[in-house]
Amino acid sequence: NYFTLDAPLNVVNVHVYQNTILPMQKGGLLSKESRTTPFTLVITFPSGAEDADAAGKVYIDDDEDPEMQLGNGKSTYVDFLASVGKGKVKVWSKVDDGEFAVGLGLVIEKVIVVGAAGGSHGLQVEVDGQLLSPSSISEVSFSETAIENMGMAENVEGSTGKKGGMMVQVGGLALPLGKKFSLTWELNVTSGP
């Protein structure tokens, strides 16, 4: 199958493989500037997925040493993991040498989940194993958009065969990149044809 995508001069089409977590930062005039901007995690599941996993990682260092290594106080390594299943979405991290990222004040401000079936509600946030109170996450917002998969769900591994899925954005976060975290929310999945 071939699909034609609109590609105006001011738009860059980006294709992300399913089951991926892509950490992104905002741009800056200088690379040193952009390295201090907040992160957005883009998490992709197969379209309409009700049971799937995703993974990604990021390595941050001082950009001075030619070798990539941990344990020198000048770097942080984070594994990001996500799953959708049993009516819930869970996103969490495993952090090595997080002090460096904490010292830089790096945070995750937004999580975008693409492809999971159904809408979302009931967000719970943990940072370093401590459940945050509802008042401390009052600025957090959900935004949902139905997506179309161009009829390919039947041929995608892990897909339910249903058309489309949802794109859910959880914004207003300030999760320290250098501390392990966990986000969990429930899906509004309705069964049907």
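Please treat every number below as a calculation from the coordinates, not as lab data. On a predicted model such as this, the values are computed, not experimentally measured, just so you know. Neighbour counts run over all protein chains shown; Cβ positions are idealised from the backbone, glycine included.
Annotations for the structure displayed:
- Rounded to the nearest Hz, the phi-derived 3J(HN,Hα) couplings of the range 166-174 under the Karplus curve 6.51 cos²θ - 1.76 cosθ + 1.60 (θ = phi - 60°) are 10, 10, 10, 10, 10, x, x, 7, 8, where x marks glycine and proline.
- Sparse-neighbourhood loop sites, trypsin sites (Lys or Arg not before Pro) in the range 25-104 - DSSP loop, at most 13 other Cβ within 10 angstrom: K26, K86
- Sorted on the mean count of surrounding Cβ atoms within 10 Å across their residues, most packed first, peptides 47-53, 2-8, 36-42 read 47-53, 36-42, 2-8.
- Estimated at 0.36 nm per residue, the fully extended path between T20 and L70 surpasses their Cα-Cα distance by 15.6 nm.
- Interchain or long-range residues, amide H under 5 Å from K57's placed H: F80
- Distant-in-sequence amide H partners of G165 (H built 1.01 Å from N, under 5 Å): G48, I147
- Taking a ≥ b ≥ c as the square roots of the Cα gyration tensor eigenvalues, the range 1-117 comes out oblate, since a/c reaches at least 1.5 and a/b does not exceed b/c.
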